[in-house]
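For reference, the structure discussed in these notes is given below.
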Amino acid sequence: MRLYPEQLGKHLQAGLAPCYFIYGDEPLLRQEALDQLRRSARAQGFDERYRFDADNGPDWDAIFDASQSMSLFSSRQIIELALPEKLDKTASDRLRELLAQSHSDLLLLISGPRLNQQQQKTAWYKALAAAGPVIPVFTPDARHLARWLELRLRQHQLAAEPDALHWLTLAFEGNLLAAAGEIEKLALLNLPQPLTLPALQQHVQPHYHFNPFQLLDPLLQGKVKRGCRILQQLRQEGVEAGMLCYLLTKELNTLQSLHAALAGGQSFQQAAAALHVWSSRQPLMQAALNRLKGPKITALSRMLAAADAAVAGFDDDSAWRWLQALCVGFFDDKEPVILP
C-alpha cells in the first residue's frame, strides 16, 4: 500500500503495520514521517530502538542480532534501517530475509533514497511493498506546493490571501525546510489574518531552491519565464554550467531522435519505447515535439554546442549567456517572449 505523508496520521489511528518504507529526497517530510511513526510506536510500548545507517553498507549480522534479541525491560522494539543508494544481491536477499522474520513485537522503519522506475520493479522493493506501507517523500512541484503551504499554515492556525499564498510558493519552491521554519515564526508574530502579501514581504525571507533536473520540464512545456528563473537561481546556487550542458544535451538528443523517428513513419509510442523514454515524461516530449519543429531543434542544438564550447574554453559568462538564449529558444515562436 502506498501512503503519502499527509495520510499517515489517519492511517496510524487504525494501528501500526509491522514495516514502513520511507523513500525519497525531501528531508523535512522524511524526518516528520519518521518522528510520527516513532511517537505512535512509543505510545504502543515500543520502548527499545536500534538504528543502522548505510554509510559503510548495512551490518546485516548486527541487524539480525538486534531483531532476535529481547531486552529485560522491553518486549517490543524498533529497528531503523537506512538503505544505501544501491542494493547488491546479498543485501537484497538479507533484506527480504529480515522482512520474513517480522512479528507484532518488532517494528521495522526502513528509509531509502529516491528510486527510479527500474528500482521499483526489483524483488526487494516488492518485498517491502508487501510487508507494509511505502511512503514516498518528494518535494512538491510548483503545482502542488500551494496546497502543501496552505495545509501547513492551517496547522499553525494561519491563513493567507490568494496573492500572498502564491508569493509563498515562489519564495520557498524546492525548500520545504525553510518554509516550515518561516511559518513557525509567523505563528509567533500574531499578525492579522488572513496574511496579506505586504505582511509576508515584510516578515518573510525567501529561500527557494532548485536542482538542475527541475530546469528540463518547464523548457519542454515552453514556459520560458519559469525556465529562465530556474536557470538564474541555479547559477546563484553555484551549479556548474557544464552540468546543465550535459543534461540538456541528453534531452535535445532525445528530441532529435524522436523527431527523426516520427519523420520516418514511426508512431510516437514506438519511438519513445525504442529510446527508453519513461512513461511519465512521454507527454512532455510529445508536447515539445508538437511545438518545436526540426529546424528549431537543430538551432537549439547549435546554441547548446556554443555553450558547451564556452565551458570548455573556461568562458563562464558566455556559457551562461548561451544557456539563457537556449531557454528562451524553447519558447513557441508564435507567442511573444516574456523575460523575467
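The values are calculated or read from the model by the stated rules, or taken from the named source; none is laboratory data. Predicted model, so just to flag it, every value in this text is computed and none were measured. A quick note on method: Cβ atoms are made from the backbone with ideal geometry, for glycine too, and the neighbour counts reach across all protein chains shown. What goes into the accessible areas is simple: the full protein's heavy atoms, side chains included, and nothing from ligands, DNA or RNA. Shrake-Rupley method; radii C 1.70, N 1.55, O 1.52, S 1.80 Å.
For the criterion of being modelled with pLDDT of 90 or more and under 24 Å from the mean Cα position of the chain (by Cα), residue 35 passes.
Within region 318-334, restricting attention to residues that are free of Cβ contacts under 8 Å to residues at least 40 places away in the same chain and surrounded by fewer than 17 Cβ atoms within 10 Å (Cβ to Cβ), the residue that is farthest from the chain's Cα centre (by Cα) is 334.
Looking only at region 12-27, residues that are open to solvent by 30 Å² or more (accessible area, probe 1.4 Å) and more than 23 Å from the chain's Cα centre (by Cα) come to 4 in all. In the set 257, 280, 267, only one residue is among the hydroxyl-bearing types (Ser, Thr, Tyr) and under 20 Å from the mean Cα position of the chain (by Cα); that residue is 280. In region 281-317, what residues are open to solvent by 70 Å² or more (accessible area, probe 1.4 Å) and in contact (Cβ under 8 Å) with a residue 60 or more places away in the chain? Those that are open to solvent by 70 Å² or more (accessible area, probe 1.4 Å) and in contact (Cβ under 8 Å) with a residue 60 or more places away in the chain: 308, 316. So, residue 81, is that one among the hydrophobic types (A, V, I, L, M, F, W, C) and at pLDDT 95 or above or not? The answer is no for residue 81.
Among the residues making up region 173-187, those that are at pLDDT 90 or above and either closer than 23 Å to residue 24 by Cβ or in contact with a helix residue (DSSP H, G or I) (Cβ under 8 Å, 6 or more places away or on another chain) (or both) are 176, 177, 178, 179, 180, 181, 182, 183, 184, 185, 186.
For region 83-94, the condition holds for no residue, the condition being that it is closer than 16 Å to residue 19 by Cβ, open to solvent by less than 10 Å² (accessible area, probe 1.4 Å) and touching a Pro at 6+ places or on another chain (Cβ under 8 Å). The number of residues in region 95-145 being among the aromatic types (Phe, Trp, Tyr) and in contact with a helix residue (DSSP H, G or I) (Cβ under 7 Å, 6 or more places away or on another chain) comes to 2. With a requirement of 2 or more residues that are of a type in the set (Lys, Arg), the helices (runs of 4 or more DSSP H) lying completely within region 235-340 that satisfy it span 294-312. Hey, does region 216-223 have a residue that's of a type in the set (Lys, Arg), open to solvent by 50 Å² or more (accessible area, probe 1.4 Å), in a helix (DSSP H, G or I) and at negative phi? No: region 216-223 contains no residue that is of a type in the set (Lys, Arg), open to solvent by 50 Å² or more (accessible area, probe 1.4 Å), in a helix (DSSP H, G or I) and at negative phi. Within region 169-186, count every residue that is more than 26 Å from residue 22 (Cβ to Cβ) and either open to solvent by less than 20 Å² (accessible area, probe 1.4 Å) or under 19 Å from the mean Cα position of the chain (by Cα) (or both). Looking only at that region, the number is 3.
Every listed requirement among (1) touching a Gly at 6+ places or on another chain (Cβ under 9 Å); (2) under 30 Å from residue 155 (Cα atoms) is met by residue 215 save one, (2). Scanning region 221-274 for residues that are modelled with pLDDT of 90 or more and basic (Lys, Arg), we see that the one that is nearest to residue 290 (Cα to Cα) is 250. Here residue 189 does not fit the description of being under 23 Å from residue 53 (Cα atoms) and of a type in the set (A, V, I, L, M, F, W, C). The set of residues in region 118-168 being assigned to a helix (DSSP H, G or I), open to solvent by less than 70 Å² (accessible area, probe 1.4 Å) and farther than 24 Å from residue 12 by Cα consists of 119, 120, 123, 124, 142, 145, 146, 164, 165, 167, 168.
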